[in-house]
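One structure below.
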Amino acid sequence: MKNLLTLSGISNSEAITLLDRVQNMKTKFGTPDFEPTLAGATVANLFFEDSTRTRLSFSLAAERLGARVVNFSAAGSSLSKGESLRDTVATITSMGIDAVVIRHQAVGAGQLVAKWTGLPVLNGGDGAHQHPTQALLDAVSLREYLHESPLGKDLAGTKLLIVGDLLHSRVVRSNVDLMVALGAEVTLVGPSTLLPPGVHTWPVKVTTDFDAAIATQPDAVMMLRVQKERMSSAGGGYFPSVGDYIRQYCLNPERYERLGEKCAILHPGPLNRGLEICDQAADGPGSLILKQVNNGVFVRMAMLDLLINGDEN
Ligand code: CP
């Protein structure tokens, strides 16, 4: 594996192998068996779009493994003086870089960087395309929740709803690729105006009726953020009003109660509390939201190690 750009086409055994790598990293961390396998390496974190979780956890992951990190943010950089993506990347990688993490608003930015530099590239989110480490941390968290001994296990038969702004979401695309490969039965729920083009050809069920989907007694519900910044105004014409969206698609206290206390609640963050998810669901006993963040560091440790050192470890 040279790059981590997409989870499209991943097989069941490849997915289990990646999840097991993460689990083994997590088990070893903090024990005498843990080795700083990236000592002497330098990772470039290139963030052309805002981020809290992904940027910080890639930094922490690299540092835990002994690597140096150089952090680039579009804000405050020479992009404002007209420097191109290609020249920016060439400039930073000329400083002696072993791997690149990139988040960019353009689909395929990571692929270009991999082609230009020949370095291992990890996609930290490209437009509404892919966010592979997010889906991996979601799957690791859900697998841990469902299986006491998760190693070697998949998610066969797990009923998962993914709800909300599907159109603008890279998280949903990476999750469909990975969760379906792991055997989960995925149902996408959202207003018809926020369904991605071609969604009916995806290997999932699709509905606009959240309450009907809840009646199927899912094992897990992943709420997606309403991406207001990718809409021209608050609702951008995608739904009649914020109140209407809340009525139909918010995981509110009443829907949360109907799901039952065993249902796992996931959200990639950042949360719009009160718009797509209520406090009770976000902070309740079934919430995996902070576990997802915690597992994100181990996912990024495992993936940086794999791409820089290969799969000998
Ligand atoms: N889930 C996620 O990608 O969060 P950030 O935008 O904060 O990185």
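The values are calculated or read from the model by the stated rules, or taken from the named source; none is laboratory data. The model shown is predicted, which means the values in this text are computed figures rather than measured ones. Ideal geometry is used to build each Cβ from the backbone, glycine not excepted, and the neighbour counts take in all protein chains shown. Just so you know, the surface numbers come from the protein's heavy atoms only, side chains and all, with ligands and any DNA or RNA stripped out. Shrake-Rupley method; radii C 1.70, N 1.55, O 1.52, S 1.80 Å.
Among residues of region 223-241 that are open to solvent by 70 Å² or more (accessible area, probe 1.4 Å), those with a beta-carbon under 7 Å from a residue that is at pLDDT below 70 at least six positions away or on a different chain give the pairs Lys228/Ala234.
The set of residues in region 258-286 that are within 15 Å of the ligand (Cβ to nearest atom) and among the polar types (S, T, N, Q) contains only Asn272.
Of the strands (runs of 3 or more DSSP E) lying entirely inside region 1-108, those containing at least 3 residues that are buried (at least 19 other Cβ atoms within 10 Å of the Cβ) and within 16 Å of the ligand (Cβ to nearest atom) span 42-47, 99-104. Close Cβ contacts (under 6 Å, 6 or more residues apart or on different chains) running from residues in region 126-142 that are within 12 Å of Val22 (Cβ to Cβ) to residues that are of a type in the set (Lys, Arg) comprise Thr133/Arg300; Ser141/Lys291.
For the criterion of being of a type in the set (S, T, N, Q) and under 21 Å from the mean Cα position of the chain (by Cα), Ser84 fails.
Across region 111-130, what is the total count of residues that are within 16 Å of the ligand (Cβ to nearest atom) and under 18 Å from Asp305 (Cα atoms)? Here the count works out to 3.
Residue count for region 267-279 satisfying the condition of being over 20 Å from Arg170 (Cα atoms) and out of contact with any strand residue (DSSP E or B) (no Cβ under 9 Å at 6 or more places or on another chain): 2. With the condition kept exactly as written, say whether any residue in region 254-262 is more than 24 Å from Ser57 (Cβ to Cβ), modelled with pLDDT under 95 and either among the charged types (D, E, K, R) or in contact with a His (Cβ under 7 Å, 6 or more places away or on another chain) (or both). Scanning region 254-262, I find at least one residue that is more than 24 Å from Ser57 (Cβ to Cβ), modelled with pLDDT under 95 and either among the charged types (D, E, K, R) or in contact with a His (Cβ under 7 Å, 6 or more places away or on another chain) (or both), so the answer is yes. Scanning region 68-92 for residues that are more than 16 Å from Gly124 (Cβ to Cβ) and either in contact (Cβ under 8 Å) with a residue 60 or more places away in the chain or in contact with a strand residue (DSSP E or B) (Cβ under 8 Å, 6 or more places away or on another chain) (or both) yields a single hit, Arg68. Taking each residue of region 277-305 that is open to solvent by 20 Å² or more (accessible area, probe 1.4 Å) and among the small types (Gly, Ala, Ser) and looking for partners that are assigned to a helix (DSSP H, G or I) and away from the ligand (no atom under 16 Å from the Cβ) with beta-carbon atoms closer than 8 Å, six or more apart or interchain, yields Ser287/Ala281. The residues in region 182-202 that are touching a residue at least 24 places away in the same chain (Cβ under 8 Å) and open to solvent by 20 Å² or more (accessible area, probe 1.4 Å) can be counted, and the count is 6. Inspection of region 166-175 finds a residue satisfying the criterion of being away from the ligand (no atom under 16 Å from the Cβ), open to solvent by 10 Å² or more (accessible area, probe 1.4 Å) and modelled with pLDDT of 95 or more.
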